[in-house]
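The values are calculated or read from the model by the stated rules, or taken from the named source; none is laboratory data. Remember, predicted model here, so these are calculated numbers, not experimental data. Counting neighbours? That spans all protein chains shown, and the Cβs are built from the backbone with ideal geometry, glycine included. In case anyone asks, the SASA skips ligands and DNA or RNA and just uses the protein heavy atoms, side chains included. Shrake-Rupley method; radii C 1.70, N 1.55, O 1.52, S 1.80 Å.
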Amino acid sequence: GENVEQHPSTLSVQEGDSAVIKCTYSDSASNYFPWYKQELGKRPQLIIDIRSNVGEKKDQRIAVTLNKTAKHFSLHITETQPEDSAVYFCAASIWSGYSTLTFGKGTMLLVSP
Amino acid sequence: DSGVTQTPKHLITATGQRVTLRCSPRSGDLSVYWYQQSLDQGLQFLIQYYNGEERAKGNILERFSAQQFPDLHSELNLSSLELGDSALYFCASSVESANTEAFFGQGTRLTVV
């Protein structure tokens, strides 16, 4: 099955800095890559996603890039703010009549004022 | 509010006992996923149902079972509970067209004592 590796496990930045979280996946058939943000004690929520026919996608301060050849994708957060502090999960999904989401182990992002 | 409802929110039980966790998906969503979240393990995929049928199985123990009913709600049954089963259990649902967003419930916090 699919295996998703995520790095780093913890990331500390100063407010205003950029943060980058990287993920690799194992199955070249994966074609959907969502990113979820989980605040302390809350449920994971989708913040951005990208499909395999697209190399980059932006939504205000967040962007995701995908390199299908290398089988890795990254989340970029610019101008970080304290409210960006959370655990971020990447995931990969294969569509084969149904989709199954495999998550990375998460990155705890800490943004200091 | 994601539209996915999980009950109960918290559950404390003794080792060896059996519990049932319940999930009501968003209206119109046919696919239900169950995930286990322990401190150091991220989101571990347990099992997926689509319109009443099991579609995919992850790292689900034999002591655990699940089903999806005709009204599309799902139940996760955990038996012969061990201390290590203490975790946050999430249910998610999706429309199940090609690679769409999975919406998570608030989770059930299970504590085995």
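Key figures
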read-out	value
Heavy-atom accessible area order for B:101, A:79, largest first, 1.4 Å probe	A:79, B:101
Rounded percent of accessible protein surface that carbon and sulfur make up, the range B:42-113, 1.4 Å probe	46
Separation between Cα centres of the range B:56-113 and the range A:1-60, rounded to whole Å	22
Solvent-accessible area, 1.4 Å probe, carbon plus sulfur percent, for chain A	48
Förster-model FRET efficiency, 22 Å R0, residue B:113 and residue B:61, C-beta, rounded to 0.05	0.70
Members of the range A:81-113 that become less accessible by 30 Å² or more once partner protein chains are added (1.4 angstrom probe, chain alone as reference)	A:89, A:95, A:98, A:99, A:100, A:101, A:103, A:105
Unit charges on C-beta of K, R, D, E only; dipole of the protein assembly as shown, Debye	120
Rounded accessible area per residue of chain A, 1.4 Å, Å²	49
Cα-centre dipole for the range B:1-60 with unit charges at Cβ (Lys and Arg positive, Asp and Glu negative), debye to 20	160
Cα centre as origin, Lys/Arg/Asp/Glu Cβ charges: chain B dipole, Debye	240
Gyration tensor verdict on the range B:68-113 (Cα atoms; rounded if a/c is under 1.5, prolate if a/b is larger than b/c, oblate otherwise)	prolate
Positive-end residue of B:66, B:78, B:23, charge dipole of chain B with Cβ unit charges	B:78
Heavy-atom accessible surface that B and A bury in contact, both chains counted, 1.4 Å, Å² to 100	1900
Anchor residue A:105: lysines whose Cα lies under 20 Å away (excluding residues fewer than 8 positions away in-chain)	A:22, A:37, A:42, A:71, B:57
Tensor-based shape of chain B (alpha-carbon gyration tensor, a/c under 1.5 rounded, otherwise prolate or oblate)	prolate
Taking N as its residue count, the alpha carbon Rg of chain A over 2.2 N^0.38 Å	1.02
Global size of the protein assembly as shown as Cα Rg and Dmax, reported in angstrom	17.5, 50
Heavy atoms of residue B:10: accessible area, 1.4 Å probe, square angstrom to 10	130
